[in-house]
Amino acid sequence: MSQYQSLDADVLRTFVAIAEQGGFTRAGEVVNRTQSAVSMQMKRLEEDILQRPLFEREGRQVRLTAEGQVLLGYARRILKLHGEVFNTLRMPHMVGLVRIGTPDDYAMRFLPSILSSFAKAYPLVQVEVHCDTSRQLMLRKDLDLTIVTREPGNEIGQLLRQERLVWAAAEGFCPHEQRPMPLALFNTECFCRAWTCNALETQGIDYRVAYTSPSLSAIFAVVTAGLAVTAQLQSLIGGNLRVLGEAEGLPELPLANVMLVRGGQSPSPITDCMAQYIIEGFK
């Protein structure tokens with residue numbers, strides 16, 4: 001018999017909600033509990049089960065302590081496994097099709113691990129991945145789940161992550177020595193391209209769009225060869241490129257929101273499961 005008390009999944013789910021929402025009240029709305037019920041759960045978790053302080057309270061806002069940060073990582077893993085067990089055993093023969101739309105860059109960076117984990121849990125589900133620009137994907141009506149980049153204030157769907165656009169170039173490439181500065185960017189339908197050009201024009205920096213492609217791999221091939229500078233989300237920048245900034249005379253770029261949009265079709269267990277894997281995969 002274990003000497004430790006068990007960690008209830010509902011308590012862990014509430015804990016994760018508090019960490020993600022920054023407060024007990026908003027977390028209660030997420031897990032459909034009153035604030036007092038949330039407080040009682042966390043008091044028991046801190047004082048009776050773990051006997052460690054998990055939160056630092058500042059008015060209505062709460063921050064995780066060092067112990068809380070450790071628990072957060074474990075809690076997310078436990079809840080993910082908890083969900084996989086129930087989904088696999090309750091629907092071991094779940095069969096069907098889910099259609100995902102995503103820009104090329106997210107397909108390269110995030111989808112491999114997401115699809116690998118999903119396939120282990122639901123090997124009989126067929127997955128279609130359609131790559132296109134965010135603008136074109138939003139026009140489609142046949143997709144179950146769509147991952148898109150949106151401007152702040154123009155969000156739609158569920159926020160997956162928020163990231164800053166950054167400048168990137170090959171090692172040894174000095175953009176300030178080349179005028180007009182050569183750029184490698186996505187095609188004209190990408191609003192990030194407009195941000196990039198506007199930022200340079202505001203700073204009075206001469207530039208030319210030397211290379212364009214709808215493919216992130218093609219853009220990175222050009223940049224890695226030392227032929228141009230690009231502007232991409234920071235998480236997409238690989239180890240063979242360096243991030244540029246004010247030291248190289250380049251302006252700061254805005255934040256972009258990565259959103260998950262559900263299609264207009266009736267929700268299905270397959271779509272709901274895949275959505276959860278995508279949400280976890282973008283954290």
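The values are calculated or read from the model by the stated rules, or taken from the named source; none is laboratory data. Small disclaimer: the values here were computed from a predicted structure and weren't measured. All Cβ positions, even for glycine, are placed from backbone atoms using ideal geometry, and neighbour counts span all protein chains on display.
Give the residue that is surrounded by the most Cβ atoms within 10 Å (Cβ to Cβ), with candidates limited to residues of region 241-283 that are of a type in the set (K, R) and over 22 Å from V95 (Cα atoms). Selected residue: R242. Considering T224, T212, the condition of being more than 20 Å from D132 (Cβ to Cβ) and polar (S, T, N, Q) is satisfied by T224 alone. The residue that is nearest to G263 (Cα to Cα), counting only those in region 123-133 that are surrounded by 15 or more Cβ atoms within 10 Å (Cβ to Cβ) and in contact with a Gly (Cβ under 9 Å, 6 or more places away or on another chain), is H130.
Can you give me the ranges of the strands (runs of 3 or more DSSP E) entirely in region 195-283 with at least 2 residues that are among the hydrophobic types (A, V, I, L, M, F, W, C) and in contact with a Leu (Cβ under 8 Å, 6 or more places away or on another chain)? Walk me through it before giving the result.
On the way: elements: 207-212, 230-233, 241-244, 255-262.
Filter on region 195-283 gives 207-212, 230-233, 255-262.
Once region 49-62 is narrowed to residues that are more than 27 Å from the chain's Cα centre (by Cα) and of a type in the set (A, V, I, L, M), the residue that is nearest to D8 (Cα to Cα) is I49.
State whether one or more residues within region 109-123 are assigned to a loop (DSSP other than H, G, I, E, B) and within 18 Å of L216 (Cβ to Cβ). Within region 109-123, one or more residues are assigned to a loop (DSSP other than H, G, I, E, B) and within 18 Å of L216 (Cβ to Cβ).
Going by the conditions given, is E46 under 24 Å from the mean Cα position of the chain (by Cα), without any contact (Cβ under 8 Å) to a residue 12 or more places away in the chain and surrounded by 12 or more Cβ atoms within 10 Å (Cβ to Cβ)? Answer is no for this residue.
Would you check if R52 is buried (at least 17 other Cβ atoms within 10 Å of the Cβ), in a loop (DSSP other than H, G, I, E, B) and without any contact (Cβ under 8 Å) to a residue 40 or more places away in the chain? Considered against the rule, which asks whether it is buried (at least 17 other Cβ atoms within 10 Å of the Cβ), in a loop (DSSP other than H, G, I, E, B) and without any contact (Cβ under 8 Å) to a residue 40 or more places away in the chain, R52 comes out as no. From the list G204, G172, G157, G238, the lone residue that is under 23 Å from C131 (Cβ atoms) and either exposed (fewer than 14 other Cβ atoms within 10 Å of the Cβ) or hydrophobic (A, V, I, L, M, F, W, C) (or both) is G238.
Contact map, region 61-89: first residue surrounded by 12 or more Cβ atoms within 10 Å (Cβ to Cβ) and in a helix (DSSP H, G or I), second residue modelled with pLDDT of 90 or more and of a type in the set (F, W, Y), Cβ cut-off under 9 Å, separation 6 or more or different chains; pairs are G68/F15; G68/F55; L71/F15; L72/F15; A75/F15; K80/Y277.
T102 falls short on exactly one of the conditions (1) under 30 Å from S217 (Cβ atoms); (2) modelled with pLDDT under 85; (3) polar (S, T, N, Q), and that condition is (2).
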